[in-house]
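None of the figures in this text is laboratory data; all of them are computed from the coordinates on show. None of the values given here were measured: they were computed from a predicted structure. Glycine also receives a Cβ, built like all others from the backbone with ideal geometry; neighbour counts cover every protein chain displayed.
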Amino acid sequence: MELVLPSPEATRALGERLAGLLRAGDLVLLHGGLGAGKTTLTQGIGAGLDVRGHVASPTFIIARTHRPRGGGPGLVHVDAYRLGSFDELEALDLDTSLEESVTVVEWGEGLAEVLSEDRLEIAIARPYGGMADASAGLVDDGARHVTLTAHGPRWDGVDLSVLRGDA
Ligand SMILES: Nc1ncnc2c1ncn2[C@@H]1O[C@H](COP(=O)(O)OP(=O)(O)OP(=O)(O)O)[C@@H](O)[C@H]1O
Ligand SMILES: [Mg+2]
């Protein structure tokens, strides 16, 4: 499924709607270049899950855990960009928190997929923007093109179109 998100607010709102579909044990992989909006989307997921703490880029640590305020799942926010190899990701021993939490991995391409057959992959692209486009005279109008792909039996029969909202 593809969506266009015109603003950071729209990206956060998508995260909040997505949180409504997520349950403990789920894995969400976010693909997209620097500044694509992966952390912004994760902030929306965190708000929707009603977890503690400020969701920010996990600087200096590879993963940050946000505990739930209520009875729902917590959030494990992983910055795979800081990982050098798959071995490092395994060494995090994510499996323990995977079961009780929603795990969101930024920049998971080709790395974290093997953690779970069941996963939701979200690619965020900036149609204009970034260095190359800027030098070509194109400006970042804030729009992001998002592609969602569900893998594995967990997502069989789950209607992702509810994520459209009014976007
Ligand atoms: N439609 C949009 N969706 C999300 N962010 C947007 C949008 N338009 C503009 N932005 C801006 O782009 C930036 C996205 O930053 P964010 O930290 O979420 O990206 P990121 O993909 O996590 O980057 P990094 O690779 O550094 O982790 C923010 O400053 C945000 O305000
Ligand atoms: Mg980020």
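In this calculation the C-beta distance from HIS54 to GLU117 is compared with R0 = 41 Å, giving a FRET efficiency of 0.80. Each Lys or Arg adds one and each Asp or Glu takes one away; over the other residues whose Cβ falls under 11 Å from the Cβ of LEU49, this sums to +1.
The local environment of THR11, defined by Cβ-Cβ distances under 12 Å, has a net charge of +3 under the rule Lys, Arg +1 and Asp, Glu -1.
Rounded to whole numbers, the Karplus 3J(HN,Hα) couplings from phi for the stretch 15-23 are x, 5, 5, 4, 4, x, 8, 7, 9 Hz, using 6.51 cos²θ - 1.76 cosθ + 1.60 with θ = phi - 60°, and x at Gly and Pro.
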